[in-house]
There are 2 protein chains.
Amino acid sequence: MKLLAKSFLILLLLGTIAIAADPLASWNDTGPKKAIIAFVEQVTKEDSPNFVPVLERIAVFDNDGTLWAEQPMYFQGLFAFDRVKALAPQHPEWKTKEPFASLLRGDLKAAFAGGERPMMEVVMATHAGMSTDEFEQIVKGWIAVARHPTTKKLYTEMVYQPMLELLAYLRANGFKTFIVSGGGVEFMRPWTEKVYGIPPEQVVGSSIKTKFELRERKPVLLRLAQLNFIDDKVGKPIGINEHIGRRPIAAFGNSDGDLQMLQWTTAGTGVRFALIVHHTDAEREWAYDRKSSVGRLDKALDEAKVKGWTIVDMKNDWKTVFPFEKN
Amino acid sequence: MKLLAKSFLILLLLGTIAIAADPLASWNDTGPKKAIIAFVEQVTKEDSPNFVPVLERIAVFDNDGTLWAEQPMYFQGLFAFDRVKALAPQHPEWKTKEPFASLLRGDLKAAFAGGERPMMEVVMATHAGMSTDEFEQIVKGWIAVARHPTTKKLYTEMVYQPMLELLAYLRANGFKTFIVSGGGVEFMRPWTEKVYGIPPEQVVGSSIKTKFELRERKPVLLRLAQLNFIDDKVGKPIGINEHIGRRPIAAFGNSDGDLQMLQWTTAGTGVRFALIVHHTDAEREWAYDRKSSVGRLDKALDEAKVKGWTIVDMKNDWKTVFPFEKN
């Protein structure tokens, strides 16, 4: 009987903890949090008319500007510049060859005056020409030590605490969470499992072509300086269809690059959820939208208002932005 | 106390069932079954030097000739012919246009005398020109009623009972099971979950390009008559890398089209498992290998012997081949 009493006490305590713990503690009790909870309850309660079986609970998340920050520029761009600096000693010709010469002088504006072409040259010079295993090691090495230019934090600390909670909350409710990002798929996979709890096979992204080769009888996949797929804008529904093969019931983004993914997700039958993170907090993060060159949010903001998608006003809806604020 | 006695009895009974049920009951107690069990025990026992964490337990399966039959020709080819017949009334020009004219007369040999080009024409005429949703409905409709030309069984009955047990056994041991097939990814996804327990997002295959479009404001993905990816031979490790993003620890195939997948899988560090299904049973199934035009097994058979990969001799190692034999 003593044991039984003890068990009862433990059960009572567990009950209290369960009630006390808010899975979305970093969200203020404003509209977006309420909309998220209402959606999840609708699709998970077995007696709900909008119940969705576990296998169909697919949620897709953009990465840059949705799960982690993207200012002063996409972090993968900062990775590429660090790689240019690291590789410069092996490339004496870069001292006089654009866009590398300007880049090495720290003049980004001059380096990318030519638009997409010089940018692609930098991507290929830093992302191709090695095996997939070698590239994975390069990314792992960089992400472990590289620091953000203004906050001086590790990039993996520049993730949004409310979104980490949202990922965990959805998974606890039977959702399978995927990243669908314009970023390079092999740039993300080495760290998304640890940081977001999203395994490599649930990451969809842009890619370059690879080639299978036997190197001294050992098979390798060589990364080629040739585009394979751009997972942005109309590419997002295409990428979702190719990789996931069924339509998500919830999608989370922050920019016009996510518009087609949100359209595709919400056009399915039954209840669907679409959310846009609006960067409105110049103090804790950055404030930008319609005129930003990074993460421009213009058309998608208009469509979100017309269609009643959930818009997160970062300043007012998030109690905490970054995990390090809590310390 | 009465309740306790009852519970005890139930526990005892459950224990008996657990001991009695062989998860690989359709496998004879020969080498392959023993090798599979030894491998699974090695990677799942926590105190084993070869222990592999659950997240890394990735197993990849070819489909045609490995999970389901592929004679007298790949089932997707039979699907394409049925589609040609169904679409013929809308294409009066096919009566005189090759390869369709020969196909409609039932003369496959003449139709495909030209090799790959006429075959690709048939694929594009039957697989492209509709939305992804429409194609899914076409496949679902066909797979529900179409019958195999000689056995008259549904194609989804022409699956290998021992492989169904193997899939379930691996999943019960924490493995994530994937299909990596030369077949069309959108031809497989509508039914793999029901037949194999493999959800769409765990199916990797060949594909044609798609295009995102708004049709009367509704987003659709249109299937284009343009190749996107061939998931065969060197394409298999490339497809695995693109979709799964980590190297499998076990791979199962049956033909030279699987060779690079087996090489890629076994070249990883730690213990790895590779298995080849050798079609040796002319009575219960079909017997073919080095000279077959469908599912040719030649180079991979030599390499399997050299490298000590597990080879299933279908005739001797499988107690049952098809599920319908058990009835």
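Criterion first (touching a Ser or Thr at 6+ places or on another chain (Cβ under 6 Å) and of a type in the set (Gly, Ala, Ser)) does residue A:80 satisfy it? For residue A:80, the condition - touching a Ser or Thr at 6+ places or on another chain (Cβ under 6 Å) and of a type in the set (Gly, Ala, Ser) - is met.
With respect to (1) within 10 Å of chain B (Cβ to nearest Cβ); (2) within 28 Å of residue B:232 (Cβ to Cβ); (3) β-branched (Val, Ile, Thr), the lone exception for residue A:192 is condition (2).
Has the range A:208-218 got any residue that is more than 13 Å from chain B (Cβ to nearest Cβ) and not in a helix (DSSP H, G or I)? Among the residues of the range A:208-218, not one is more than 13 Å from chain B (Cβ to nearest Cβ) and not in a helix (DSSP H, G or I), which makes the answer no. Looking across B:165, B:186, one residue alone is assigned to a helix (DSSP H, G or I) and either within 21 Å of residue A:239 (Cβ to Cβ) or more than 18 Å from the chain's Cα centre (by Cα) (or both). It is B:186.
Sort out which residues of the range A:263-296 are within 14 Å of chain B (Cβ to nearest Cβ) and either within 13 Å of residue A:66 (Cα to Cα) or out of contact with any strand residue (DSSP E or B) (no Cβ under 8 Å at 6 or more places or on another chain) (or both), and write them in order of number. First the steps, then the outcome.
Kept after step one, since they are within 14 Å of chain B (Cβ to nearest Cβ), are these residues of the range A:263-296: A:263-269, A:272, A:274.
Within the range A:263-296, A:268, A:269, A:274 qualify.
Do we find a residue being out of contact with any Lys or Arg (no Cβ under 6 Å at 6 or more places or on another chain) and at positive phi anywhere in the range A:268-284? Yes, the range A:268-284 contains at least one residue that is out of contact with any Lys or Arg (no Cβ under 6 Å at 6 or more places or on another chain) and at positive phi.
Every condition in (1) more than 14 Å from chain B (Cβ to nearest Cβ); (2) within 18 Å of the chain's Cα centre (by Cα) holds for residue A:302 except the one numbered (2). Within the range B:239-250, identify whether any single residue is crowded, with 24+ Cβ neighbours inside 10 Å and in a strand (DSSP E or B), and answer yes or no. Taking every residue of the range B:239-250 in turn, at least one turns out to be crowded, with 24+ Cβ neighbours inside 10 Å and in a strand (DSSP E or B).
Residue count for the range B:264-282, restricted to those that are part of a strand (DSSP E or B), open to solvent by 10 Å² or more (accessible area, probe 1.4 Å) and within 18 Å of residue B:175 (Cα to Cα): 1. Candidates in the range A:297-312 are the residues that are buried (at least 17 other Cβ atoms within 10 Å of the Cβ) and out of contact with any Leu (no Cβ under 7 Å at 6 or more places or on another chain); of these, the one that is nearest to residue A:255 (Cα to Cα) is A:297.
Can you tell me how many residues in the range A:196-207 are assigned to a strand (DSSP E or B) and either at the interface with chain B (Cβ under 8 Å from one of its Cβ atoms) or open to solvent by 50 Å² or more (accessible area, probe 1.4 Å) (or both)?
Filtering the range A:196-207 down to residues assigned to a strand (DSSP E or B) leaves A:203-207.
Still in the running and either at the interface with chain B (Cβ under 8 Å from one of its Cβ atoms) or open to solvent by 50 Å² or more (accessible area, probe 1.4 Å) (or both): A:203, A:207.
Matching residues across the range A:196-207 total 2.
For the range A:219-237, a residue qualifies if it is touching a Gly at 6+ places or on another chain (Cβ under 9 Å), open to solvent by 20 Å² or more (accessible area, probe 1.4 Å) and within 10 Å of chain B (Cβ to nearest Cβ), and the qualifying residues are A:229, A:233. Does residue B:311 satisfy the criteria of being under 20 Å from residue B:36 (Cβ atoms), free of Cβ contacts under 8 Å to residues at least 60 places away in the same chain and part of a strand (DSSP E or B)? Spelling it out, it is not the case that residue B:311 is under 20 Å from residue B:36 (Cβ atoms), free of Cβ contacts under 8 Å to residues at least 60 places away in the same chain and part of a strand (DSSP E or B).
Within the range B:293-307, residues that are among the hydrophobic types (A, V, I, L, M, F, W, C) sit with their Cβ atoms under 8 Å from residues that are surrounded by 14 or more Cβ atoms within 10 Å (Cβ to Cβ) and part of a helix (DSSP H, G or I), at 6+ positions apart or across chains, in these pairs: B:297/B:256; B:300/B:256; B:300/B:258; B:300/B:259; B:300/B:262; B:304/B:262. For residue A:254, the conditions (1) farther than 19 Å from residue B:207 by Cβ; (2) open to solvent by 20 Å² or more (accessible area, probe 1.4 Å); (3) out of contact with any Phe, Trp or Tyr (no Cβ under 9 Å at 6 or more places or on another chain) are fulfilled apart from (2).
Looking only at the range A:244-259, residues that are over 16 Å from the mean Cα position of the chain (by Cα) and without any contact (Cβ under 8 Å) to a residue 60 or more places away in the chain come to 1 in all. Among the residues of the range B:157-189, the ones that are of a type outside the set (Gly, Ala, Ser), more than 9 Å from chain A (Cβ to nearest Cβ) and open to solvent by 20 Å² or more (accessible area, probe 1.4 Å) come to 7 in all.
Does residue A:135 satisfy being under 27 Å from residue A:255 (Cβ atoms), of a type outside the set (Ser, Thr, Tyr), in a helix (DSSP H, G or I) and within 14 Å of chain B (Cβ to nearest Cβ)? Working first, answer last.
Working: under 27 Å from residue A:255 (Cβ atoms): yes; of a type outside the set (Ser, Thr, Tyr): yes; in a helix (DSSP H, G or I): yes; within 14 Å of chain B (Cβ to nearest Cβ): yes.
For residue A:135, the condition - under 27 Å from residue A:255 (Cβ atoms), of a type outside the set (Ser, Thr, Tyr), in a helix (DSSP H, G or I) and within 14 Å of chain B (Cβ to nearest Cβ) - is met.
Residue B:244 meets all of the listed conditions (1) of a type in the set (A, V, I, L, M); (2) within 12 Å of another protein chain (Cβ to nearest Cβ); (3) farther than 30 Å from residue A:263 by Cβ but one, namely (3).
The values are calculated or read from the model by the stated rules, or taken from the named source; none is laboratory data. Note that the structure is predicted; figures quoted are calculated from it, not measured. For neighbour counting, all protein chains shown are included, and Cβ atoms are generated from backbone atoms with ideal geometry for every residue, glycine included. The protein model used for the area step is the full one, side chains on, heavy atoms only, and it has no ligands, DNA or RNA in it. Shrake-Rupley method; radii C 1.70, N 1.55, O 1.52, S 1.80 Å.
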